[in-house]
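Scroll down for the structure; my scribbles are underneath it.
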Amino acid sequence: MNMSSPVEQISSVDEMQRYSSEVKSKGCSVGIVPTMGALHRGHLRLVETARKNADVVVVSIFVNPIQFGEGEDYNEYKRDIAGDIEKIAKLGVEVAFTPGVEDIFPDNYRSYVEVTGLQDCLCGLFRPGHFKGVATIVLKLFNIVNPDVAVFGEKDYQQLKIVQKMVNDLNLSIDIVPVPIVREESGLALSSRNEYLTPEQRRDAASIYTALTYIRSSFRNGNTNVKKLTDIGVKILKKNNISDIDYLEIRDGNTLDEIDSAYSGNIVAAAVRLGDTRLIDNIKL
Ligand code: AMP
């Protein structure tokens, strides 16, 4: 028996704004989970969190062209809106917001948001313009859906910090709720991009989490030297056939500033490439 309740699919920006103001006028709170679709258990954990924190849950599904750089996987990115809606229906989601690119970025589109500093390190160095694209789409979704609560995964840690800073700097009354990373049994963080991996690459990719946890154990055993800690991690990655490493760094967990000596609350963040697939992961010290 199908216990799912129907999800209302809204593609029009105006309709989404009308829907949201209507439910809010009735005193209901609105929660949003911004996604690019290709939903997996990690996304669904975010949806469950939104369900607990808001009366009405909106899952946006939009592969945002302006956060992809040249040569990245915008065209190849998996799109399966019907399958995604089936998954979120089981969690009692009210609305799937599925705008088209032309609804969000019409031809004469000219306005962008940048969170300076935070966007210029880690992934920002390897994906120029990426976080400008992220901040812009997130602010647009916030303005369209007018949520009380927005749920983001710690998997995209830099993105989370950028969104939190934007909300604070721009005085938005939105509660940002972070959700811990959901992993496979191997430790590999769930990602829509894992589907691109060959079985061998998938096995090697599990060593990203091995490297991160090894660094954390070493820190807990008293090693606070950032250079030594990251060197250990790089060695583990290389031993597992991962030599294309964009970065493996330890930084302040809030400001993302560089540090020499590690302390509790720091973030250990990594981005690596297996063939054409770029994976990111992180762990807190
Ligand atoms: P994406 O569809 O990749 O843009 O991701 C949408 C949201 O899901 C972001 O807030 C991600 O951080 C979050 N997310 C993706 N993978 C995971 C995961 N394995 N665990 C927790 N959150 C995740």
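The values are calculated or read from the model by the stated rules, or taken from the named source; none is laboratory data. What you see is a predicted model, and the numbers here were worked out from it, not measured in a lab. Cβ coordinates were reconstructed from backbone atoms using ideal geometry, including for glycine residues, and neighbour counts include every protein chain displayed. The area values use the complete protein model at the heavy-atom level, side chains included, leaving out ligands, DNA and RNA. Shrake-Rupley method; radii C 1.70, N 1.55, O 1.52, S 1.80 Å.
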* Output yes when any residue across segment 194-203 is within 11 Å of the ligand (Cβ to nearest atom), crowded, with 16+ Cβ neighbours inside 10 Å, within 27 Å of Ile81 (Cβ to Cβ) and touching a residue at least 40 places away in the same chain (Cβ under 8 Å), and no when none is. => yes
Filtering segment 177-193 down to residues that are within 10 Å of the ligand (Cβ to nearest atom), within 21 Å of Asp244 (Cα to Cα) and assigned to a loop (DSSP other than H, G, I, E, B) yields Leu188, Leu190, Ser191
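Test of understanding: among Val47, Val56, Val33, which residue is in contact with an Asp or Glu (Cβ under 9 Å, 6 or more places away or on another chain), open to solvent by less than 20 Å² (accessible area, probe 1.4 Å) and under 20 Å from Val179 (Cα atoms)?
Residue meeting the stated conditions: Val56.
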Given the conditions (1) open to solvent by 20 Å² or more (accessible area, probe 1.4 Å); (2) away from the ligand (no atom under 16 Å from the Cβ), every one holds for Ile250 apart from (1)
Note on Ser217: of the conditions (1) open to solvent by less than 70 Å² (accessible area, probe 1.4 Å); (2) in contact (Cβ under 8 Å) with a residue 12 or more places away in the chain, unmet is (2)
Going through segment 67-84 in order, the residues found to be surrounded by 14 or more Cβ atoms within 10 Å (Cβ to Cβ) and either free of Cβ contacts under 8 Å to residues at least 24 places away in the same chain or over 19 Å from the mean Cα position of the chain (by Cα) (or both) are Tyr74
Within segment 27-80, the count of residues that are near the ligand (Cβ under 9 Å from one of its atoms) and at positive phi comes to 2
Scanning segment 12-66 for residues that are under 13 Å from Val145 (Cβ atoms), under 23 Å from the mean Cα position of the chain (by Cα) and assigned to a helix (DSSP H, G or I) gives Val13, Met16, Ala50
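Conditions tested, residue by residue: (1) more than 13 Å from the ligand (Cβ to nearest atom); (2) charged (D, E, K, R); (3) more than 21 Å from Arg18 (Cα to Cα).
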site: Val115; (1), (2), (3): yes, no, yes
site: Cys123; (1), (2), (3): no, no, yes
site: Gly133; (1), (2), (3): no, no, yes
site: Ile137; (1), (2), (3): no, no, no
site: Lys155; (1), (2), (3): no, yes, yes
Only one of Gly222, Gly233 is free of Cβ contacts under 8 Å to residues at least 60 places away in the same chain and not in a helix (DSSP H, G or I), namely Gly222
By residue number, the members of segment 109-119 that are more than 17 Å from the chain's Cα centre (by Cα) and more than 19 Å from Asn143 (Cα to Cα) are Thr116, Gly117
